[in-house]
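Asker: This is the structure I want to talk about, given as structure tokens.
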Amino acid sequence: MDSDATSWLRQVEYFAALPEADFDEVARHVHVRHYAAGQVVMLEGDPCEGLYVVREGRVRIYKMSPAGKEQVLRLIPAGESFNDVPVFDAGPNPASADCLDESDVGVLATSDVDHLLRTRPGFGAAMLRVFARRLRQLTVVVEDFAFHSVRARLARALLETAEGGESHLTQRDLAELVGTAREVAGRELREMEHQGMIRIARRTTTLLDARRLERLAAGG
């Protein structure tokens with residue numbers, strides 16, 4: 001592991017509260033891989049390799065229907081983990097993952113996770129916190145699809161993916177994330193632009209009125 005391993009791994013909730021000796025052991029077992037934008041990290045149905053943590057870049061978690069339609073489930077930024085469930089239930093990967101950007105992704109093997117659970121109580125407690133947070137996020141996703149309009153879901157997606165007031169997802173990315181057709185997402189985004197909430201440019205959407213977007217996301 002390179003010399004700055006501690007600084008980036010300490011951002012991951014599973015490892016943030018571990019004592020120094022335990023953390024050092026984890027760091028020795030995390031192997032970092034480099035991926036090009038668009039490169040597949042894992043495939044749905046394959047055996048689970050381990051717990052993934054994003055060091056740099058963004059990873060897209062998605063499922064594919066038998067007809068070939070994609071549904072994006074989550075976008076994983078730097079400092080967060082994914083593929084947690086099969087690590088703990090010994091099942092196959094529940095979804096696929098690829099990289100939105102050029103990315104560095106660390107892997108902690110399932111056997112190493114099992115060892116941490118048996119020997120490090122702090123890791124088990126962190127696991128429960130992460131799973132509770134993910135369940136809460138899933139509840140919000142279900143609520144969005146059940147009760148909110150496409151425009152409201154787009155507003156939430158823009159707010160959640162913006163960095164420095166700009167979201168760098170394409171219209172296709174946004175459409176997949178909120179579960180609609182690209183044409184529908186484009187029409188709704190243009191209307192939001194006409195109303196002065198956003199400004200659309202190539203691969204960049206600037207948030208001009210975050211408060212209005214927040215109100216739209218909450219009540220749309």
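The values are calculated or read from the model by the stated rules, or taken from the named source; none is laboratory data. Only a predicted model underlies this, so the values are computations on that prediction, with no experimental measurement involved. We place every Cβ from the backbone using ideal geometry, glycine too, and count neighbours over all the protein chains shown. The protein model used for the area step is the full one, side chains on, heavy atoms only, and it has no ligands, DNA or RNA in it. Shrake-Rupley method; radii C 1.70, N 1.55, O 1.52, S 1.80 Å.
Asker: If I fit a long axis through the Cα atoms of helix 110-119 and take the longest principal axis of the Cα atoms of the chain, what angle between them do I get, 0 to 90°, rounded to 10?
Answerer: 70 degrees
Asker: 222 nm [θ] for the chain, helices only, -39500 (n - 2.57) per DSSP H run of 4+, per residue, to 500?
Answerer: So the helix-based figure for the chain works out to -14000 deg cm²/dmol.
Asker: Determine ³J(HN,Hα), in whole Hz, for all residues of region 170-186 in sequence, where each value follows from phi through the Karplus function 6.51 cos²θ - 1.76 cosθ + 1.60 and θ = phi - 60°; x replaces Gly and Pro.
Answerer: Computed from phi, the couplings for region 170-186 are 6, 4, 5, 4, 5, 4, 5, 5, 9, x, 9, 6, 4, 5, 5, 4, x Hz.
Asker: Ignoring any ligand, DNA or RNA, what whole percent of the accessible area of region 111-220 comes from carbon and sulfur when the probe is 1.4 angstrom?
Answerer: Heavy-atom surface of region 111-220 belonging to carbon and sulfur, 1.4 Å probe: 52 percent.
Asker: I've got another one for you. In degrees, nearest 10, range 0 to 90: what is the angle between the Cα axis of helix 210-219 and the longest Cα principal axis of the chain?
Answerer: Value to nearest ten degrees: 90.
Asker: When a/c reaches 1.5 or more, the comparison of a/b and b/c decides; with that in mind, is region 71-161 rounded, prolate or oblate per its Cα gyration tensor?
Answerer: On the way: a/c = 2.31, a/b = 1.73, b/c = 1.33.
Here region 71-161 falls in the prolate category.
Asker: Using θ = phi - 60° and the Karplus form 6.51 cos²θ - 1.76 cosθ + 1.60, what ³J(HN,Hα) does each residue of region 46-62 get, whole Hz, x for Gly and Pro?
Answerer: 6, x, 6, 7, x, 8, 9, 9, 8, 8, 9, x, 9, 10, 9, 9, 8
Asker: If amide hydrogens are placed 1.01 Å from N in the peptide plane, which non-local residues have theirs closer than 5 Å to the one on residue 95?
Answerer: Residues meeting the amide H criterion: 45.
Asker: Sticking with this structure for a sec: Kirkwood Rh over Cα pairs of region 1-90 into Stokes-Einstein at 4 °C, 1.567 mPa s: D in µm²/s?
Answerer: On the way: Rh = 14.6 Å.
Rounded to a whole number, D works out at 89 µm²/s.
Asker: A further question follows. Just add up the charged neighbours of residue 46: K/R +1, D/E -1, any other residue whose Cβ is under 14 Å from the Cβ of residue 46.
Answerer: -2
Asker: Here's something else I'd like to know. Can you give the net charge of the other residues whose Cβ lies under 11 Å from the Cβ of residue 116, counting K and R as +1 and D and E as -1?
Answerer: -2
Asker: Hey, what angle do you get for helix 121-147 against the long axis of the chain, alpha-carbon based, 0 to 90 degrees rounded to 10?
Answerer: Approximately 20 degrees, to the nearest ten.
Asker: Quick check: from the Cα gyration tensor, does region 145-190 come out rounded (a/c under 1.5), prolate or oblate? Write down the numbers at each step before the final one.
Answerer: Values: a/c = 1.89, a/b = 1.33, b/c = 1.42.
Note, shape of region 145-190 comes out oblate.
Asker: Here is a further query. If I take every Cα pair under 8 Å that is 6 or more residues apart in region 49-173, average their sequence separation and divide by the length, what percent do I get for the relative contact order?
Answerer: Here the relative contact order equals 25 percent.
Asker: Skipping prolines and chain starts, which residues have an amide H placed within reach, meaning under 5 Å, of the one on residue 59, given they are 5 or more residues away or on another chain?
Answerer: Counting only residues 5 or more places away or on other chains, the set is 76, 100.
Asker: Right, another one. Please give the direction-averaged projected area of the C-alpha convex hull for region 78-119, in square nanometres with one decimal.
Answerer: Result: a mean projected hull area of 3.6 nm².
Asker: Looking at the square roots a ≥ b ≥ c of the eigenvalues of the Cα gyration tensor of region 155-220, which shape do they give, rounded for a/c under 1.5, prolate if a/b is larger than b/c, or oblate?
Answerer: Cα axes put region 155-220 in the rounded bin.
Asker: Moving to a separate point now. Normalised by the number of residues in the chain, what is the relative contact order in percent for Cα pairs under 8 Å and 6+ residues apart?
Answerer: Answer for the chain is 20 percent.
Asker: Per residue, how much accessible area does the chain show when a 1.4 Å probe rolls over the protein heavy atoms, in square angstrom?
Answerer: Roughly 52 Å² per residue, with all protein chains present.
Asker: When the distances between all Cα atoms of the chain are binned every 10 Å from zero, what whole-number percent does each bin get?
Answerer: P(r) for the chain, in whole percents per bin: 8, 31, 33, 21, 8, 0.
Asker: What number comes out for the charge environment of residue 57, summing +1 per Lys or Arg and -1 per Asp or Glu over other residues with Cβ under 13 Å away?
Answerer: Numbers: positive: 33, 55, 58, 60; negative: 56, 80, 98, 101, 102, 104, 163.
With Lys, Arg at +1 and Asp, Glu at -1, the neighbours total -3.
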